[in-house]
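Colleague: Take this structure, written in structure tokens, and hold onto it; I'll ask about it next.
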């Protein structure tokens, strides 16, 4: 338990957004993917997820770790099936945003979603690093109240609402982790994938990568950071994390690219350079391969409502 406390103490939580939505028409989205964690609270209606379309009950929370592609179905009946890229361009036909907090929980076919980052040592996506799948938290009044509290502050204009949201978001993340631990969920993943948070050399590598995404991150550079041999650094990194360092670096670069696409007006070419890709065409190919949609569509997605 002491090790878990150390992880929580080093955990940085960043709230992204929350929305209350109404399902207009049933739709199944294939390959939904995001670089942020998402929690969906189903108020009324039907939501299912995964390849076998596991249905969640009203009042349940679907938790989707960042970086995990999955299928998700909103509504039931005569369902339209769309690839994620196609869904983004037609989302308004199927999902409508409702900003009236007094109606939250009362509308048929409605749900609330929140998205957020949770990073250990300000560099590693915590829930992603655990390598856990999307999962359901059965009706939990405390977590429900946290989600609704965040949404109410988001939709309101009270003084200091961003501070209240930050506190509620941090409590929500800790409670989700507590739920995983106390319910003995994903025991093997927790035992394996929390160990590397104890290794200071690996933490140094994480920090160096985060601060030098546009620079040279070849294995010989990482070896110097960790004070190990160039021949060993790749093996060392994979032994502790389960992935090789260059795959990890590419994910971090692409995650940063998504952030710039959503929050800046930099050109796609400039964003590619900012995250370490000198060849724009190669950057675009890798982006499409990782996220399933072009970089330009990821940017336009921010003009649409959140799912």
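Colleague: Tilt of helix 141-155 relative to the longest C-alpha principal axis of the chain, in degrees (0 to 90, nearest 10)?
Modeller: Computed tilt is about 90 degrees.
Colleague: Going by the alpha-carbon gyration tensor, a ≥ b ≥ c the square roots of its eigenvalues, is region 134-220 rounded (a/c under 1.5) or, if a/c is not under 1.5, prolate (a/b greater than b/c) versus oblate?
Modeller: The shape class here is oblate.
Colleague: Give the Cα extents of the chain along the principal axes, in whole Å, largest first.
Modeller: Per principal axis, max minus min of the Cα coordinates gives 60, 47, 44 Å.
Colleague: Rounded to the nearest 500, what is the chain's calculated 222 nm mean residue ellipticity when only DSSP H runs of at least 4 contribute -39500 (n - 2.57) each, over all residues?
Modeller: -13500 deg cm²/dmol
Colleague: Normalise the Cα radius of gyration of region 199-301 by 2.2 N^0.38 Å (N = residues in it) and let me know the number.
Modeller: 1.14
Colleague: What is the mean projected area of the alpha carbon convex hull for region 65-144, to one decimal in square nanometres?
Modeller: Answer in nm², one decimal: 7.8.
Colleague: Next question, about the same structure. Compute the helix-to-body angle for 161-182: its Cα long axis versus the longest principal axis of the chain, expressed 0 to 90° and rounded to tens.
Modeller: 80
Colleague: For region 72-223, take the convex hull of the Cα atoms, compute a quarter of its surface area, and give me that in nm², please.
Modeller: Dividing the Cα hull surface by four gives the mean projection, 13.4 nm².
Colleague: Sort 249, 159 so that the residue with the fewest other Cβ atoms within 10 Å of its own Cβ comes first and the one with the most comes last.
Modeller: 159, 249
Colleague: For the chain, find the longest principal axis of its Cα atoms and tell me its angle to the long axis of helix 200-211, 0 to 90°, nearest 10.
Modeller: 70
Colleague: What share of the DSSP beta bridges in the chain is antiparallel, in percent to the nearest 5?
Modeller: 90
No lab work stands behind these numbers, since they all come straight from the coordinates. All figures in this text were calculated on a predicted structure; none of them were measured in a lab. Cβ coordinates were reconstructed from backbone atoms using ideal geometry, including for glycine residues, and neighbour counts include every protein chain displayed.
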